[in-house]
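> Quick one: the structure is below, questions incoming.
The values are calculated or read from the model by the stated rules, or taken from the named source; none is laboratory data. The shown structure was predicted, so the numbers you read here are calculated from the model rather than taken from an experiment. Here the Cβ is made from the backbone with ideal geometry for all residues, glycine too, and neighbour counts use every protein chain on show.
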Amino acid sequence: MLPNITIKRSVFMRLTLIILVATCFLLMNCSSRINNNKKVFYYNESSGIATLDPAFAKNQSIMWAIHQIYSTLVEIDTGLHIVPSIAKNWQVSADRLTYTFNIKQGIYFHDNEAFENGKGRALTAHDIVYSFNRIQEKKTASSGAWIFNNRVDSIHPFIALNDSTFQLHLLKPFQPILGILSTQYCSIVPKEVVEKFGKDFRRHPCGTGPFQFQSWDEGQALILHKNEQYFEQDGSGKRLPYLDAIKVSFFDNKATEFLQFQQGNLSFINDIDPSFKDEVITKNGMLRKEWDGKVLLKKQPYLNTEYLGILVDTSNPIVKNSPLKLKAIRQAMNFAINKQQLMLYMRNSIGIPAEAGFVPRGLPSHNAELVKGYTFNPTKAKQLLINAGFSKQKQLPVIKLLTIAIYSDIASFIAKQLEEIGFNIQVEVVQKSLLLEQTAKSQAGFFRGSWIADYPDAENYMAMFYSKNPAPPNYTRYKNPAFDLLYEKALVTINDEERYELYRQMDQMVINDAPVIPIWYDMAFHLTQTNLINFEPNALNLLELRRTNYK
């Protein structure tokens, strides 16, 4: 347990109440705690986990849990390279349309009552065919169905040549396909278990991953145990993982989560409640002296762009009657926001101001280094408003900015800066589910959004602006024929440098047309206990626990 740390008097009363509530909760739930002699990794998921079915791995909370239970054909290493997982190796045909994967032997599904005698059976290439077909089937209604749309062969996309050889057939060359196969959507599931539990498979998961499902009391705790038959080993031949179990709690209050971490009841926290941020982190993003040696701070830029989206489909009544239909207005908004100041005061420098392209830092195409974005320039912003016909005599109408509760303070900060230029912004806080629904149905004219890379290729970001894509991912309904031509060309370009140049050209088009206002490129932020080892943030911000251990 961590030593007590002095808290400023201004927050003492609030902390006291929260501690009492948290203590009562722990007393009521002490029977659910795992044997303290075991190596258990504890973390909290304040947003909850909606499902453990990989066909619906659409957000971080689901993806983190799915990554522990399941395996994929290939995966992404710390250098953002595609490396084998279930696949031993693979070959690509000369025309780039056929990918042939040789599957590792000795990989077993977790024990499950759906199998004969309850014992997990060996994984085969037929399981891969079943899993990928399941994503595409309409009855599954997978949120990941888009990953294969207009990319794989329409007749025989997935074939098992035998138990250990799997083939994927494309409609046309698509260079990022291996990245797609690394996503949690492409986790391999067993047909017997899926069919036995049907829709309830969401809470009866079965994969081949390093941890296996033990119990899930929704809203209380999810417990995973070490998979003793996991197929991976470390460099010395010891079977992974090192941990005995994972326990996920579901405190929905981030302040409670922080106090649980402070008391040593959580192994780490991902991000920190704004109420405590200044108590722990300096404005420059460093750990304050009073916390030094008591916790560890780990940061890593990761592939997520936080942005404001603007609906630009002029056939939509919302856009027809909005000044946001004018490019000059959208550009003025981009110039009006002091992103450096926002990151310093609102984020304690956790993240990088998005003053380049929409594509974040870290990808080999280097968009964030070579694409020219917007820096704070209020003079230019005011001039653009005047050029668009707006001034003190003719003021802009009210523009509504939709956001969710945890970003309300940032939205208010942005609204104030825009108002100083001449905008009239009304911040409206809505439930996350409603915001997702309205953006998907093109009912939100101006909204807060984020895009976390599903795979490490800039195409993943450019797909958001391809006019033939629905929402998601094209939430802004951006349409530019010149962009579409470059996007389609990039999909069939094999040479990496040529493809990267096309990505940068597309990104610059998007920035110039301004259907989005990039705010910051995100950074994974972990506070961990000092006895935790081999636990590092990564560029995809996946929870990687295979080699995590305690001192």
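> Which residues, counting only those in the stretch 79-108, are more than 28 Å from GLU536 (Cβ to Cβ), in a loop (DSSP other than H, G, I, E, B) and without any contact (Cβ under 8 Å) to a residue 40 or more places away in the chain?
Answer for the stretch 79-108, where residues must be more than 28 Å from GLU536 (Cβ to Cβ), in a loop (DSSP other than H, G, I, E, B) and without any contact (Cβ under 8 Å) to a residue 40 or more places away in the chain: SER93, ALA94.
> Identify the residue in the stretch 450-487 that is under 15 Å from ARG330 (Cβ atoms) and surrounded by fewer than 21 Cβ atoms within 10 Å (Cβ to Cβ) and, among all such residues, is farthest from the chain's Cα centre (by Cα).
Among those that are under 15 Å from ARG330 (Cβ atoms) and surrounded by fewer than 21 Cβ atoms within 10 Å (Cβ to Cβ), it is ASN480.
> Across the stretch 437-451, what is the number of residues that are of a type in the set (Ser, Thr, Tyr) and either touching a His at 6+ places or on another chain (Cβ under 7 Å) or part of a helix (DSSP H, G or I) (or both)?
Taking the stretch 437-451 as the starting set, the residues that turn out to be of a type in the set (Ser, Thr, Tyr) are 439, 442, 450.
Now drop any that are not either touching a His at 6+ places or on another chain (Cβ under 7 Å) or part of a helix (DSSP H, G or I) (or both), which leaves 439.
Here the count works out to 1.
> Residue by residue through the stretch 149-194, note down the ones that are in a loop (DSSP other than H, G, I, E, B), touching a Ser or Thr at 6+ places or on another chain (Cβ under 7 Å) and surrounded by 20 or more Cβ atoms within 10 Å (Cβ to Cβ).
Those that are in a loop (DSSP other than H, G, I, E, B), touching a Ser or Thr at 6+ places or on another chain (Cβ under 7 Å) and surrounded by 20 or more Cβ atoms within 10 Å (Cβ to Cβ): SER182, SER187, ILE188, VAL189.
> Suppose we filter GLN229, GLN233, GLN184 for residues that are touching a residue at least 12 places away in the same chain (Cβ under 8 Å) and either on the phi > 0 side of the Ramachandran plot or in the same structural domain as PHE41 (by TED's automatic domain parsing) (or both); which single one remains?
GLN229
Results for (1) of a type outside the set (Gly, Ala, Ser); (2) modelled with pLDDT of 95 or more, shown as yes or no for each residue.
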site	(1), (2)
LYS394	yes, no
LYS400	yes, yes
ALA405	no, no
ILE414	yes, yes
VAL430	yes, yes
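> Can you tell me which residue in the stretch 460-473 is nearest to PHE483 (Cα to Cα), limited to those that are at pLDDT 95 or above and touching a Ser or Thr at 6+ places or on another chain (Cβ under 9 Å)?
By that ranking, first place goes to PHE465.
> Applying the selection to the stretch 452-491, what residues are in contact with a Lys or Arg (Cβ under 6 Å, 6 or more places away or on another chain) and part of a loop (DSSP other than H, G, I, E, B)?
Selection gives SER467 alone.
> Of everything in the stretch 387-405 that's exposed (fewer than 15 other Cβ atoms within 10 Å of the Cβ) and not charged (D, E, K, R), which residue is nearest to the chain's Cα centre (by Cα)?
Of everything passing the filter in the stretch 387-405, ALA405 is nearest to the chain's Cα centre (by Cα).
> Evaluate the stretch 188-210: report whether one residue or more is among the aromatic types (Phe, Trp, Tyr) and within 29 Å of MET462 (Cα to Cα).
Within the stretch 188-210, none of the residues are among the aromatic types (Phe, Trp, Tyr) and within 29 Å of MET462 (Cα to Cα).
> Residue under question is GLN214, and the condition is that it be over 21 Å from MET63 (Cα atoms) and either assigned to a loop (DSSP other than H, G, I, E, B) or at pLDDT 95 or above (or both); does it hold?
No; evaluated as a whole, the condition is false for this residue.
> Looking only at residues that are touching a strand residue (DSSP E or B) at 6+ places or on another chain (Cβ under 9 Å) and within 16 Å of GLY373 (Cβ to Cβ) in the stretch 314-335, which one is surrounded by the fewest Cβ atoms within 10 Å (Cβ to Cβ)?
ARG330
> For the stretch 502-519, indicate whether the set of residues that are farther than 15 Å from LEU308 by Cα, of a type outside the set (S, T, N, Q) and touching a Pro at 6+ places or on another chain (Cβ under 9 Å) is non-empty.
No, the conditions are met nowhere in the stretch 502-519.
> Scan the stretch 525-546 and tell me whether some residue there is aliphatic (A, V, I, L, M), more than 30 Å from ASN37 (Cα to Cα) and at pLDDT below 95.
Checking the stretch 525-546: at least one residue is aliphatic (A, V, I, L, M), more than 30 Å from ASN37 (Cα to Cα) and at pLDDT below 95.
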